[in-house]
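See structure below.
Since every read-out is calculated from the coordinates, none of them should be taken as a lab result. Note that the coordinates shown come from a computational prediction; the quantities given were computed from them, not determined experimentally. For neighbour counting, all protein chains shown are included, and Cβ atoms are generated from backbone atoms with ideal geometry for every residue, glycine included.
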């Protein structure tokens with residue numbers, strides 16, 4: 001599995017990055033919460049769109065792992081709300097469905113991964129998504145210089 005140093009090596013912040021996991025499968029939520037938590041991320045979970053909307057209203061997130069289908073709800077319904085409230089948040093959509101043509105809504109959706117998701121791939125994609133924003137001075141801690 002990817003080490004904490006590699007996962008967060010180029011990220012410079014004084015506080016942990018906030019990750020919202022929106023997934024209706026409790027086993028995947030537990031796995032992803034554990035993996036991201038062990039790497040120093042502050043993890044929040046939601047198992048429905050309604051719960052995710054409430055979390056988004058309460059706090060800002062740097063990264064959202066978003067299941068495409070949550071029961072009868074479509075996770076993409078949340079993308080616009082995330083983008084409107086947190087334009088710099090990166091979204092990684094995960095899906096068990098074969099839908100390669102999903103829109104990347106104004107740049108908020110960084111990538112779409114198909115389940116089952118390899119943890120190394122998930123961590124790498126999430127690191128890439130966050131690193132892209134960290135090169136933006138607004139995402140760096142005061143006085144730090146983003147690395148190329």
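Worth pointing out:
- Placing dummy labels 7 Å off each Cα toward the beta-carbon, the span from residue 42 to residue 54 is 1.9 nm.
- Order of 59, 114, 72, 29 - criterion: other Cβ atoms within 10 Å of each residue's Cβ, fewest first: 72, 59, 114, 29
- Counting neighbouring beta carbons within 10 Å and listing from fewest to most, the residues 84, 90, 42 come out as 84, 42, 90.
- Neighbour-count order for 58, 33, fewest beta carbons within 10 angstrom listed first: 58, 33
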